[in-house]
Amino acid sequence: MSEVFKMEEYLRKMLLNADAKALATYSEDNLNVIPVSTIKIADEKILLVDYFMEKTVQNILKNNSVSLVCWKDMKGFQIKGRCNYLTSGEYFDETVQWAKTEYPDRTVRGILLITPLEVHDIAPDKSSRES
């Protein structure tokens, strides 16, 4: 049995406050990288909201390995993990309700539930944890 990933406060802070975030997915057919806007953290997992993703969802359904990168100035992290695409259930329902208040003009099609497996500091001097 694998150890449960513990999301440290420095990583939570960066994920929620980063200037930029990008998600990479791939399948045997293609590689896809997209900017990410709406993000939440729940139960040591990262939730991304699908308002209009196409190729990303297709890739996740074929290969659930993903890489999420977030950064602010010259500090940031790459998070490698496994992703499940959800269109129902507790995480989905809670996210839909949250999104209605935060982004009332958007419609949630699904959520990407990422279970982090590895975290890598991408700062040139590896000092992102100090931010």
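The values are calculated or read from the model by the stated rules, or taken from the named source; none is laboratory data. This structure is a prediction, so every number in the text was calculated from the model and none was measured. Positions of Cβ are backbone-derived with ideal geometry, glycine not excepted, and every protein chain shown enters the neighbour counts. For accessibility, only protein heavy atoms count, side chains too; no ligands or nucleic acids. Shrake-Rupley method; radii C 1.70, N 1.55, O 1.52, S 1.80 Å.
The table that follows gives values for the structure above.
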{"quantity": "Net lengthening on full extension, THR107/ASN17 (0.36 nm per residue, minus Cα-Cα)", "calculated": "30.1 nm"}
{"quantity": "Other-chain or far-sequence residues with amide H under 5 Å of GLY76's (modelled H)", "calculated": "ILE122, ALA123, SER128"}
{"quantity": "Solvent exposure of the chain as accessible area per residue, Å², 1.4 Å probe", "calculated": "59"}
{"quantity": "Estimated 222 nm signal from helices in the chain, with DSSP H stretches of n ≥ 4 weighted -39500 (n - 2.57), rounded to 500", "calculated": "-6500 deg cm²/dmol"}
{"quantity": "Neighbourhood charge, 10 Å Cβ-Cβ cut-off, centred on PHE52 and excluding it, Lys, Arg +1 and Asp, Glu -1", "calculated": "0"}
{"quantity": "Hz values of 3J(HN,Hα) by residue in segment 104-114 - Karplus curve (6.51, -1.76, 1.60), Gly and Pro given as x", "calculated": "x, 8, 10, 10, 6, 8, x, 10, 9, 9, 9"}
{"quantity": "Whole-percent carbon and sulfur share, accessible surface of segment 86-131, 1.4 Å", "calculated": "47"}
{"quantity": "Stretch in the chain that is longest and holds no GluC sites (Glu not before Pro) that DSSP places in a loop and that have at most 13 other beta carbons within 10 Å", "calculated": "55-131"}
{"quantity": "Cleavage-rule hits (chymotrypsin sites (Phe, Trp or Tyr not before Pro)) in segment 75-128: DSSP loop, at most 14 neighbouring Cβ within 10 angstrom", "calculated": "none"}
{"quantity": "Relative contact order of the chain, defined on C-alpha pairs under 8 angstrom at six or more residues apart (%)", "calculated": "28"}
{"quantity": "Virtual spin-label span in nm between ALA123 and LYS80, 7 Å along Cα→Cβ", "calculated": "2.2"}
{"quantity": "Added length on full extension, which subtracts the Cα-Cα distance from 0.36 nm per residue, ASP73 to ASP29", "calculated": "12.5 nm"}
{"quantity": "Of every Cα-Cα pair in the chain, the percent that sits beyond 23 Å", "calculated": "32"}
{"quantity": "Unit charges on C-beta of K, R, D, E only; dipole of segment 1-124, Debye", "calculated": "160"}
{"quantity": "Over segment 33-83, relative contact order from alpha-carbon pairs under 8 Å, at least 6 apart, %", "calculated": "23"}
